[in-house]
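Derivation of every value follows stated rules applied to the coordinates shown; laboratory data play no part. What you see is a predicted model; the values in this text were computed from it and never measured. A quick note on method: Cβ atoms are made from the backbone with ideal geometry, for glycine too, and the neighbour counts reach across all protein chains shown.
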Amino acid sequence: MRVRIKNLSKSYQDADRTLTVIQDLSFDFPERGAVAIIGRSGIGKSTLLHLLGALDTPSTGDIFYDEKRINAMASDERAAFRARHVGFIFQFHHLLPEFSALENVAMPLTITGVSDEEAYGVAASMLERMGLSNRERHLPSQLSGGEQQRVAIARALIAKPRVVLADEPTGNLDVETAMRVQELMLEMNRELQNTFIVVTHNQELARSMDLVVEMMPGGGLTQQQP
Ligand SMILES: Nc1ncnc2c1ncn2[C@@H]1O[C@H](COP(=O)(O)OP(=O)(O)O)[C@@H](O)[C@H]1O
Ligand SMILES: [Mg+2]
């Protein structure tokens, strides 16, 4: 799926001032492959990712998935679209603490009406891909940081989303675990032939992507080959 932003702006309003974080950004993300978004802390990377995932709405401008303008959708339509087409991976895994690894991974399927039997079967094979077959029954609190993040990746990808948005997915991991998580993400990106958009501080991770886009101080995006 082709993700495009057009003249996108986002401002936050508080009592006495307006903070403009994103101003008039336009960009076409490639239909397949992995794109890194880099830029200094506070420049608006997470804000951009939230807009791309329709978790937040722009002040002005548009976000297109193919020809669909997602910011024009009603909120329930947008939520359904997101559940069907978009996978999210965050720095902190956001797994549900009272559910097992297997249940967490299966959830995107079970909530869309896939039978438990089928969903758990697919979830088990996703966990196997992540090297976590023997962790199915573990609760998130019983897993290491890297294991939790791999469960989160399995959950983000189980419904084969056309677009995956990741916000500092290796930011909380040691170097070696970050490498493993990075390899798994890129492997899955190639396998699913989808679009990965990954905000990262990790130079290594950025360099392994197909394209690097930097958010510049003062606004604008510059594109660089990794
Ligand atoms: N909900 C919000 N309300 C007001 N300001 C916000 C909000 N979210 C983010 N900001 C501000 O917007 C700027 C960009 O934040 P963010 O997108 O999180 O940056 P990054 O991810 O690049 O570090 C920061 O100055 C931050 O304080
Ligand atoms: Mg951020």
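Figures for the structure shown
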item	result
Per DSSP, loop trypsin sites (Lys or Arg not before Pro) in the range 1-70 with at most 14 further Cβ within 10 Å	ARG17, ARG40
Radius 14 Å from Cβ of SER75, net charge of other residues (Lys, Arg +1; Asp, Glu -1)	-1
Percentage relative contact order, the range 1-129, counting C-alpha pairs under 8 Å, at least six apart	21
Residue-span extension gain [ARG190 to SER125] - 0.36 nm each, minus C-alpha spacing	21.6 nm
Bins of 10 Å from zero: percent of alpha-carbon pairs in the chain	8, 33, 35, 20, 4, 0
Segments 103-109, 183-189 sorted - mean Cβ within 10 Å per residue, highest first	103-109, 183-189
Value of [θ]222 nm, deg cm²/dmol, for the chain, DSSP H segments ≥ 4, -39500 (n - 2.57) each, nearest 500	-10500 deg cm²/dmol
Centre separation in Å (Cα based) which lies between the range 4-39 and the range 88-113	28
Simple spin-label estimate for ASP16 and MET73 in nanometres, 7 Å along Cα-Cβ	4.1
Cα-based Rg / Dmax (Å) for the range 112-182	12.7, 38
Whole-number percent relative contact order across the range 113-226, with pairs defined as alpha carbons under 8 Å at least 6 apart	20
Amide H within-cut-off set for GLY87, under 5 Å, with H built and near neighbours excluded	VAL163, VAL164, LEU165
Relative contact order of the range 73-136, defined on C-alpha pairs under 8 angstrom at six or more residues apart (%)	27
Full-extension gain in nm, SER59 to GLN223, via 0.36 nm per residue minus C-alpha separation	56.6 nm
Summed side-chain charge close to ASP28 - residues other than ASP28 whose Cβ falls under 10 Å, Lys, Arg +1, Asp, Glu -1	+2
